[in-house]
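Quick notes on the structure that follows.
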Amino acid sequence: MTALIEPLPPAADAAAERVQQWAAMGLPVPPSWRVRGDVVRDMTASELSEALAAAAGGGDERYWLLHQGPATPGSQRESLLNLDSDRALAAALLQLFRRADAPAQVIVQSLPARQAAGVLFTRHPVRQDLEHVVVEGVVERAGNEPARLILHRDGQIAFSSQDDPLGQCVGATPFADLAEHLRSRFERPQAGEWIYDGRQLWLVQTLPVGSLPRPEEAWSRRAGFGLWQQAVSPLWYTLAGRWLKTAFWRPLGERLGWQELGNIEPYRRQHSHIYSNSRFFLRLLDEGRPEMNEAMPPAWRPVMLPAARRRHWRRDGLRPWFTGRQLRSLASRLRRLTASEPALADLDGQWRRLMQLDRLGEALAAIEGWLAYCQAPDGRDGDVAARLGRLLPPAQCQALVALGEGSPLPDEAGFGADPVLPRFGEQPPELARLRDVPTDRLARLSTLPRGAAGFSAQAAGLREQLGSALRRLLLGMGRVLVARGRLVRDEDIFFVYFDELWLLWQEQGARRPDLETLGSRKVRFLTDAYQGAPDWIIDQIAYGARLDQRERPVLNGRALVPGEASGPARLIHAGWALSQVQPGDVLVLDQCDTGWLPWLCLASGLVLCGHDPDQPAALLARLLGIPCIIGVDDAMHCLVSDSLLQLDSRTGVITQAGRTT
């Protein structure tokens, strides 16, 4: 019997070597043997069937896998023959070994009768922007209909076929465990063929997913770290993007020796949004900043995060003390600058004021860059109100407290720092909606602590004040340019780039930018603000875009605030969409500017793409008891506004019920 079926010898052939390697890795490989052709060839089918049954330990029902070599010449994929009895395997072996080109030996694996089989992808096979585990398979008792199960990275179910046959038969945990085993043992994403026998999930073979190569470049819209959260106007991009580039990234790169990034842009504006170059985050991750992991495409995320390299950060020990002092100094400078406005007739004075605000913005960007990209996250101790208070810029916290107390909202607060956005003091029509916030929620808003803002929140508040000052100055400059025939409308000034503004002001070049160009910029800005933009641009391919306004099956998320809610979906991509919010809407958000929080108080439920339970919108939901589901990665591209949603935030399940119009 030993001569018939033998344990796999070391490196007997390629198939045996792979099976042995997988077993040595601790992967759930089925019991495996080598069958020699010179022994089997002269046996009868009955003799061979009895020998196989005895070697496999007896029993009646059994499931065999026969490795027949590479599926195609040079392929890593084995050609597997699935056989449901000892007699079937015996017949297949005799037929194989009696051929003229018969192999010298083959590998067989034994399993109890299977109940389900399929393939597991450790990463989404067609989406380079998602880390989901995708499982496809067939459950025998479910009518042999193909089924799909999608898991979040943490193993929670994101999507399942109707009636969830895979989840009911196998469960999510075995698939999540197998995916984690494969991720930790292979550098490239794997497609693992699996079989479930009613008790255990077995790995039959695994291969690299050829459709997911390592990207050469990646740009992320979601890696703003509080600096970029919505569509931005051309002028604001050329101001704020340059501030961060010259005052933060360039000095940091010189300090840490990033010579290869010296001439590479850290940001680009596309689809009216700011995209961050993930190569910079990859270098920060190498320096031991684990927070950068989510700012990179899944293909660049290491299995094990590198340890901090303290030699590069040792000079940051006094940075918190300096940061508080610098922020107070910049706030004082801004107050002095805005104490008086240059006259409209003082053209040199207006340009000097713009340059003074520009230098102040650059100094602020150096601080904000360090806070966003280099500083460890703030501690998350204290109750929900205290944690939310630390994240809110002072004016935004004051706005929420004032809303709760029925007091006027602060004039300087607004929907974001971009100067094109209106401020509360201008009484935009969106403010009228806030009269409908439920009374019980207003009472909870008044419990927010004042003066608790952390450094990042203080810096964000100062940036918003700077945006307000720029808005007042630029609107005045716009009136001058309109009077001189250089622009048609005051607000056109926000849609020229900085170099164009300089030429307009100096009366150089053409009399004004082409009207059609300015008009298309405005239309594109507002369209992108309402529709959103791709989450990632990886090797020049956009991922996460769903601009056809068609519903798709929505992924489920993780329960945060338990409860049930229903109502029309309202997707919020930018502050401009707040005018459409109605009481009882289910608000769907990717990123949230703190200036939007008052309108979130109107929601019957919240659906958040982010996974962080301490993001401002999530903390507000917890404070007010708004049913909330987080970690719904593709919500902005699966849902459309006005579709009816039902939320069961106890389980994280989102159901689409149709359209309201």
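The values are calculated or read from the model by the stated rules, or taken from the named source; none is laboratory data. This is a predicted model, so every value here is computed, not measured. FYI the Cβ positions are ideal-geometry reconstructions off the backbone, even for glycines, and counts take in every protein chain you see.
Here are some notes:
- Number of positions in region 109-138 that are crowded, with 20+ Cβ neighbours inside 10 Å, assigned to a loop (DSSP other than H, G, I, E, B) and small (Gly, Ala, Ser): 0
- Here GLY406 meets each of (1) in contact with a helix residue (DSSP H, G or I) (Cβ under 6 Å, 6 or more places away or on another chain); (2) touching a residue at least 24 places away in the same chain (Cβ under 8 Å) with one exception, condition (1).
- Matching residues, region 199-213, being over 24 Å from GLN156 (Cβ atoms) and part of a loop (DSSP other than H, G, I, E, B): GLY210, SER211, PRO213
- Candidate set from region 433-492 (those that are of a type in the set (Gly, Ala, Ser) and part of a loop (DSSP other than H, G, I, E, B)); member that is farthest from LEU403 (Cα to Cα): GLY485
Conditions (1) assigned to a helix (DSSP H, G or I); (2) in contact with a Pro (Cβ under 9 Å, 6 or more places away or on another chain); (3) closer than 16 Å to PHE455 by Cβ; (4) not aliphatic (A, V, I, L, M), marked per residue:
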residue	(1), (2), (3), (4)
ARG335	yes, no, no, yes
ARG353	yes, yes, no, yes
LEU360	yes, no, no, no
GLU368	yes, no, yes, yes
PRO377	no, no, yes, yes
ARG387	yes, no, yes, yes
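- Candidates ARG99, ARG36, ARG114, filtered to the one that is without any contact (Cβ under 8 Å) to a residue 40 or more places away in the chain and among the basic types (Lys, Arg): ARG99
- The residues of region 143-190 that are in a strand (DSSP E or B) and exposed (fewer than 15 other Cβ atoms within 10 Å of the Cβ) amount to a single one, PRO146.
- Check on ILE654, of a type outside the set (Lys, Arg), more than 22 Å from LEU392 (Cβ to Cβ) and crowded, with 22+ Cβ neighbours inside 10 Å: yes
- Residue within region 231-246 that is buried (at least 20 other Cβ atoms within 10 Å of the Cβ), in contact with a Gly (Cβ under 6 Å, 6 or more places away or on another chain) and modelled with pLDDT of 95 or more present: yes
- Matching option when the condition is basic (Lys, Arg) and farther than 30 Å from HIS611 by Cβ, among ARG127, ARG123, ARG141: ARG141
- Test result for LEU475, buried (at least 21 other Cβ atoms within 10 Å of the Cβ) and either under 19 Å from GLY349 (Cβ atoms) or modelled with pLDDT of 95 or more (or both): no
- With a requirement of 1 or more residues that are within 22 Å of GLY406 (Cα to Cα) and touching a Lys or Arg at 6+ places or on another chain (Cβ under 6 Å), none of the strands (runs of 3 or more DSSP E) lying completely within region 562-641 satisfies it.
- Here region 235-274 is the region considered, the condition is being small (Gly, Ala, Ser), in a helix (DSSP H, G or I) and more than 23 Å from the chain's Cα centre (by Cα), and the residue that is nearest to ALA363 (Cα to Cα) is ALA247.
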